[in-house]
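J.: First the structure, then my questions, so here it is.
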Amino acid sequence: MKIFLDTADINEIRERWDTGLISGVTTNPTLVRKAGGKYVDLAISILEEFPEIESLSLELDGKDDMDYRRNMGEFYLGHPAITLKVPCTREGLKFVTHCAENNVPTNVTLCFTAAQAVMAGLSGATMISPFVGRMNDNSLSGVELVRSIAGLYKQHGVETKVLAASLRDAHHVSRCLLAGADIVTLPPSTFDKMYDSVLTREGLEIFNNDFKEMSSQ
């Protein structure tokens, strides 16, 4: 199991990287717009500052397979960590097939059904990103979607990794991993919440008070 950070803010990555718990980063145009600057410059900065990063997902602009092929040159810098993101559409998966034939890692994003995941797996996607939070927003179970995809892939020997995305609550992280996700990608705020438990805080307060009592004797 692995944790990725879902952010384009290099400061947010920097503040958490030394935990040793983060293996990769996922980005999208919305996150990059909020962070400011150029997408390519951001990618280069992340790769330079965190050379041990296993995966950096960069989303391609385009409407069809040929657009994605034209635009991939801007982002595919020959670095083994770079993973190209495209949507789970007919044109997106045509591009994924092209990448699989050329050993270029891909992340199929905006997945909302097991049927889409079947097509992504057959196309040779490296990863697929079911959007758990957005499913829940629409009164559907994102965790059950992850479970369905992971079960399908395991049963049929599909090598595509399940990357549970759009995780807004800490409890969804463990539930997705229990459901079979290989990787979870989290906003920094969700990552920070995973450390927290009221029982841990209460227990720590008791221990600290006891330390003080011992030192005063």
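The values are calculated or read from the model by the stated rules, or taken from the named source; none is laboratory data. It should be emphasised that the depicted structure is a prediction, and the values quoted were computed from it without experimental measurement. We place every Cβ from the backbone using ideal geometry, glycine too, and count neighbours over all the protein chains shown.
J.: Name the single residue, out of those in region 88-123 being in a loop (DSSP other than H, G, I, E, B) and within 18 Å of the chain's Cα centre (by Cα), that is farthest from PRO29 (Cα to Cα).
T.: The selected residue is THR113.
J.: Output the residues belonging to region 172-211 that are over 30 Å from LEU58 (Cβ atoms) and in a loop (DSSP other than H, G, I, E, B).
T.: ASP196, SER197
J.: Right, another one. If I go through region 55-87 residue by residue, how many of them are under 15 Å from MET127 (Cβ atoms), of a type in the set (Asp, Glu) and either without any contact (Cβ under 8 Å) to a residue 12 or more places away in the chain or not in a strand (DSSP E or B) (or both)?
T.: Within region 55-87, residues that are under 15 Å from MET127 (Cβ atoms), of a type in the set (Asp, Glu) and either without any contact (Cβ under 8 Å) to a residue 12 or more places away in the chain or not in a strand (DSSP E or B) (or both) number 0.
J.: Provide a single number: the residues in region 131-146 that are out of contact with any His (no Cβ under 8 Å at 6 or more places or on another chain), modelled with pLDDT of 95 or more and in a helix (DSSP H, G or I).
T.: 3
J.: Moving to a separate point now. Could you grab me the full set of residues in region 27-43 that are polar (S, T, N, Q) and free of Cβ contacts under 8 Å to residues at least 12 places away in the same chain? Don't jump to the end; show me each part of the working.
T.: Residues of region 27-43 polar (S, T, N, Q): 27-28, 30.
THR30 - this is the single residue of region 27-43 that is polar (S, T, N, Q) and free of Cβ contacts under 8 Å to residues at least 12 places away in the same chain.
J.: In this structure, does GLU59 turn out to be of a type outside the set (Lys, Arg) and under 24 Å from SER166 (Cβ atoms)?
T.: yes
J.: For region 1-30, what are the residues that are small (Gly, Ala, Ser) and touching a helix residue (DSSP H, G or I) at 6+ places or on another chain (Cβ under 6 Å)?
T.: Listed by number, the list holds a single entry, ALA8.
J.: When region 147-171 is examined, which residues are found to be assigned to a helix (DSSP H, G or I), under 19 Å from PHE191 (Cα atoms) and in contact with a helix residue (DSSP H, G or I) (Cβ under 6 Å, 6 or more places away or on another chain)?
T.: Here is the first cut: in region 147-171, the ones assigned to a helix (DSSP H, G or I) are 147-156, 170-171.
Filter again for under 19 Å from PHE191 (Cα atoms), leaving 170-171.
If the condition is that a residue be assigned to a helix (DSSP H, G or I), under 19 Å from PHE191 (Cα atoms) and in contact with a helix residue (DSSP H, G or I) (Cβ under 6 Å, 6 or more places away or on another chain), then ALA170 is the only one that fits.
J.: Have a look at VAL40, VAL86 and point out the one that is of a type in the set (Val, Ile, Thr), in contact with a strand residue (DSSP E or B) (Cβ under 8 Å, 6 or more places away or on another chain) and within 23 Å of LEU5 (Cα to Cα). Quick ask: steps written out before the conclusion?
T.: On the way: VAL40 fails: in contact with a strand residue (DSSP E or B) (Cβ under 8 Å, 6 or more places away or on another chain).
Among VAL40, VAL86, only VAL86 is of a type in the set (Val, Ile, Thr), in contact with a strand residue (DSSP E or B) (Cβ under 8 Å, 6 or more places away or on another chain) and within 23 Å of LEU5 (Cα to Cα).
J.: Let me ask something else about it. If you check PRO87, PRO80, which single one turns out to be at pLDDT 95 or above, surrounded by fewer than 20 Cβ atoms within 10 Å (Cβ to Cβ) and within 26 Å of ILE22 (Cβ to Cβ)?
T.: Answer to the selection: PRO87.
J.: Name the pairs whose Cβ atoms lie under 8 Å apart, with the first residue in region 89-107 and more than 16 Å from GLU159 (Cβ to Cβ), the second part of a helix (DSSP H, G or I) and aromatic (Phe, Trp, Tyr), and 6 or more positions between them or separate chains?
T.: GLU91/TYR68; GLY92/TYR68; PHE95/TYR68
J.: Still on this model: Right, PHE4: of a type in the set (Phe, Trp, Tyr), within 18 Å of THR185 (Cα to Cα), modelled with pLDDT of 95 or more and in contact with a Gly (Cβ under 9 Å, 6 or more places away or on another chain) or not?
T.: yes
J.: Condition first: closer than 21 Å to ALA164 by Cα and in contact with a Phe, Trp or Tyr (Cβ under 7 Å, 6 or more places away or on another chain). Can you find one or more residues in region 64-81 that meet it?
T.: No; the residues of region 64-81 include none that is closer than 21 Å to ALA164 by Cα and in contact with a Phe, Trp or Tyr (Cβ under 7 Å, 6 or more places away or on another chain).
J.: Mind telling me which of the residues ILE128, ILE53, ILE22 ends up being over 27 Å from GLY151 (Cα atoms), of a type in the set (A, V, I, L, M, F, W, C), surrounded by 14 or more Cβ atoms within 10 Å (Cβ to Cβ) and modelled with pLDDT of 95 or more?
T.: Exactly one of ILE128, ILE53, ILE22 is over 27 Å from GLY151 (Cα atoms), of a type in the set (A, V, I, L, M, F, W, C), surrounded by 14 or more Cβ atoms within 10 Å (Cβ to Cβ) and modelled with pLDDT of 95 or more, namely ILE53.
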